[in-house]
Amino acid sequence: MKIKRCALIFLFAFTLLFSGVSAVHAEAPAFNLTYDKTSDSFFVRGEAEAGSRVLLLVYSPMYEGAFIEDLYYMDAKNDVNGAYEFCVKMKDECPLGTYTFRVSVNGVEVGSAEDEYVWPNNSDSNIRRFLFDQKMTPGGSISAVAVLKGNMEKEPVILIALYEDNMLKEVKTGSVVRSENGETELRATLSNLPESVSGCTVKAFLLKDLGSIEPMIRGLCTKGN
């Protein structure tokens, strides 16, 4: 009862805030990739011959066990005049993880870069991953998964909640499912989702400990179609 009461207090009190990034580029692309903390946006800047068509594709982190990345953002600029710029706004439901940016000029890919979106404002550097294991499916299940490195003085609490038409319907707390090789994995699961997930929202939160409503990182959010 104490766990559920704390979970309900947190869910009504907490607002999804705090965004940021720590960029790690796999290789030098033929464009410049930067992050603006104030606007919570990535900027892709480069140059192409006048009259070129430039296409940007941004792929979000893969769900656990997925084989194909989800396309997060796509935009094209026709007849560029030398320099070009794309602004990629990060949304509240963006999960933590590696985003891939690919740029093509006149149908030819000129480079790619990977950035780790980790929301450094009020987030814990020990968090390796925090994401959903899959999309919502009618009658199915969905889990929030967190992987942390190092030893925790107090065991973190992972929560997952289901909303229907913005009304809280169910909240579950998770537990540690794996602790080995210096990593701890926590998982919270909602089973038996509604037969129609249209209008449904699932949110997940990672708290420092049971007695706190202080988040370790910004919450996750996914909506049903």
Exactly one of (1) touching a residue at least 40 places away in the same chain (Cβ under 8 Å); (2) of a type in the set (D, E, K, R); (3) touching an Asp or Glu at 6+ places or on another chain (Cβ under 9 Å) is unmet by K149. Its number?
(1)
Based on what the data block shows, is E195 free of Cβ contacts under 8 Å to residues at least 60 places away in the same chain, of a type in the set (D, E, K, R) and farther than 16 Å from P156 by Cβ?
yes
What are the pairs, 6+ residues apart or on separate chains, where a residue within region 43-59 that is part of a loop (DSSP other than H, G, I, E, B) has its Cβ under 6 Å from a residue that is of a type in the set (D, E)?
G51/D79
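So in region 168-225, with the set limited to residues that are of a type in the set (D, E) and more than 19 Å from G140 (Cα to Cα), which one is surrounded by the most Cβ atoms within 10 Å (Cβ to Cβ)?
E185
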Say we look at region 132-157 and pick out the residues that are farther than 20 Å from P61 by Cα and among the aliphatic types (A, V, I, L, M); which of these is surrounded by the most Cβ atoms within 10 Å (Cβ to Cβ)?
V157
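How many residues are outside any strand (DSSP E or B) and at pLDDT below 90 when one looks only at region 15-42?
19
The values are calculated or read from the model by the stated rules, or taken from the named source; none is laboratory data. Keep in mind that what you see is a predicted model, and the values were worked out from it rather than measured. All Cβ positions, glycine included, derive from the backbone under ideal geometry; neighbour counts span all protein chains shown.
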